[in-house]
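So the structure is just underneath, and the comments pick up after that.
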Amino acid sequence: MKTFNLLSIGQRGVGKTVFLAGSYAESHSQHQSDRQQLWFDSQDIQVQGNLENILNYIARTGQYPPPTMKVTDFSFSLKRQWLGRSKTLCHFRWHDIPGELCDIHNTDFQRMVLASHGCCVFINADALVHDAAYLKMMEDVIDQVAAIASLVSLNNLKYAFALIFTQCDRLESSAVGLLQVEQNLQSLITRLDASKANYRRFYSAIPIVATAGSATIKPTGAAAPLLWLTMELRKIYQSAPATLAKGSMQGLSPLAGTSAVKKLPGLNLPLTNRTYPWLGLAGLGLLGAIAAIFFSFEHLTPSVAQGAQKQIREYEQVLQRDPNNSTALIKLANLHIQMSQPNQAVPLMEKLVEQDPKNLDLNLNLAQLYELTSQKQKAEVVYDEVLVQEKSNLTALISKAMLRAEQGDTEMAKTLFGQAEKAAPDESKPKIRNLAQSTLQ
């Protein structure tokens, strides 16, 4: 029997936990009234207790429960009523994650992303329409979702996203409000469409209503996202389901014979084919968030992290005595990246480039660090400087082509891909051609 891991991404207070309780209650209510042949259930006593605690809190206080403070796992079974009998179709695990832990630098979140088969993305529809600052606050969530979608696309993985708009009952006019929601979230929709992501929008309302001196929730549209997501995953995974980590490791192999960034003495940045074998040439444009996730997941354990912190302090002391010590700068940059702290690595690499501006390897590592930290314009400037020195540098040509494509400059991207294909070894030309086609189509 297949078991799927469902990731939940959303800011603190967006209503993930209430949604889960509401979807469970609505699923059961519809099934019991014979209006729903599909529903999900849990035989886990702890899960049942957690859901009952949420509903009891609402009944007792007339308010929604406070935001989740720790990761809580819920296990369910998707069932179908058929010819008077219930049949279990699959199992799924839901990771209820506190909003503040939905961060690529959090190791628990990294592991859950890599173990997932599908994702629920939560967006507060009311805040999206009425709070001008909310979209800015959502940028990290949008980047995380777009990064996962990019990874899925680049590796031809099977993955599904349910975009769940919460608090739709608070919108004044459903038609006008939903139109505003669509318009305000166009940046995410555009990026998902560009990655050809498998996603569907859902509009959820779970208001609290008073009944006979008590309070309860009246969910509308809450069960549909989980029912769709699990059925969709069941459909696309005819064989054993592959997690995001397993699928991506199998998806891409490095290109042989490409002029990727060479290894510098002591340099071990996770920005080259040598460190990231699944990225290869085709992954140069992958969003930095996923790169950071994978690096931390593959290379860090608690003992390694503790040792890295100690080494960071030691190299910082060296640089206090000798600010231009290139060995310490390189080692410290590596350590910060191992700790998923690429922003701290940027000024160190900038200093190395300042000391040796003609060193193409240092420049390329700096450019890819800029990409890793979402400083795309700075990255492109550095790629241009590299191409001035070496006009056939494949890393710079392809990386800039990917950036141009992201900005909608398809003509320039096409030109750069063409130059890269012309400069590449014969065995690499078809792969560059395929990358260009998948990027520009």
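Total residues in the range 419-428 satisfying the condition of being surrounded by 14 or more Cβ atoms within 10 Å (Cβ to Cβ), assigned to a helix (DSSP H, G or I) and at pLDDT 85 or above: the figure is 4. Filtering the range 199-219 for residues that are within 19 Å of the chain's Cα centre (by Cα) and either modelled with pLDDT under 85 or not aromatic (Phe, Trp, Tyr) (or both) leaves a non-empty set. Restricting attention to the range 22-44, the residues being surrounded by fewer than 22 Cβ atoms within 10 Å (Cβ to Cβ) and either at pLDDT 90 or above or among the small types (Gly, Ala, Ser) (or both) number 4. In this structure, residue 19 qualifies as touching a strand residue (DSSP E or B) at 6+ places or on another chain (Cβ under 9 Å), at pLDDT 90 or above and not in a loop (DSSP other than H, G, I, E, B).
Among the criteria (1) surrounded by fewer than 22 Cβ atoms within 10 Å (Cβ to Cβ); (2) more than 17 Å from residue 434 (Cα to Cα), the one residue 370 does not fulfil is (1). Exactly one residue out of 340, 303 is modelled with pLDDT under 85 and on the phi > 0 side of the Ramachandran plot: that is 340. Within the range 380-399, at least one residue is touching an Asp or Glu at 6+ places or on another chain (Cβ under 8 Å), within 18 Å of residue 432 (Cβ to Cβ) and assigned by TED's automatic domain parsing to the domain that holds residue 356. May I ask you to verify whether residue 205 is touching a residue at least 24 places away in the same chain (Cβ under 8 Å), in contact with a strand residue (DSSP E or B) (Cβ under 6 Å, 6 or more places away or on another chain) and not aromatic (Phe, Trp, Tyr)? For residue 205, the condition - touching a residue at least 24 places away in the same chain (Cβ under 8 Å), in contact with a strand residue (DSSP E or B) (Cβ under 6 Å, 6 or more places away or on another chain) and not aromatic (Phe, Trp, Tyr) - is met.
Of the numbered criteria (1) surrounded by 19 or more Cβ atoms within 10 Å (Cβ to Cβ); (2) among the hydroxyl-bearing types (Ser, Thr, Tyr); (3) out of contact with any strand residue (DSSP E or B) (no Cβ under 9 Å at 6 or more places or on another chain), the one residue 57 fails is (1).
If you go through the range 67-87 and pick out every residue that is in contact with a Ser or Thr (Cβ under 9 Å, 6 or more places away or on another chain) and either under 27 Å from residue 103 (Cβ atoms) or basic (Lys, Arg) (or both), you end up with 8.
One line per residue, one yes/no per condition, for (1) more than 18 Å from residue 229 (Cβ to Cβ); (2) not in a loop (DSSP other than H, G, I, E, B):
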position	(1), (2)
95	no, yes
100	yes, yes
108	yes, yes
116	no, no
122	no, yes
128	yes, yes
135	yes, yes
142	yes, yes
145	no, yes
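Scanning the range 80-93 for residues that are in a strand (DSSP E or B) and free of Cβ contacts under 8 Å to residues at least 24 places away in the same chain yields 85, 86, 87. For the range 310-361, a residue qualifies if it is hydroxyl-bearing (Ser, Thr, Tyr) and either closer than 21 Å to residue 395 by Cβ or in contact (Cβ under 8 Å) with a residue 24 or more places away in the chain (or both), and the qualifying residues are 326, 327, 340.
Looking across the range 179-209, just one residue is more than 18 Å from residue 149 (Cα to Cα) and acidic (Asp, Glu), and that is 182. For the range 227-237, the criterion of being farther than 28 Å from residue 25 by Cα, touching a residue at least 24 places away in the same chain (Cβ under 8 Å) and among the hydrophobic types (A, V, I, L, M, F, W, C) is met by no residue. With the requirement that a residue be at pLDDT 85 or above, hydroxyl-bearing (Ser, Thr, Tyr) and over 17 Å from residue 12 (Cα atoms), what does the range 130-184 give you? Result: 159, single match.
For the range 83-96, indicate whether the set of residues that are modelled with pLDDT under 80, of a type outside the set (A, V, I, L, M) and assigned by TED's automatic domain parsing to the domain that holds residue 234 is non-empty. Scanning the range 83-96, I find at least one residue that is modelled with pLDDT under 80, of a type outside the set (A, V, I, L, M) and assigned by TED's automatic domain parsing to the domain that holds residue 234, so the answer is yes.
The values are calculated or read from the model by the stated rules, or taken from the named source; none is laboratory data. All values derive from a computational prediction rather than experimental measurement. So basically every Cβ, Gly included, is an ideal-geometry build from the backbone, and we count neighbours across all protein chains shown.
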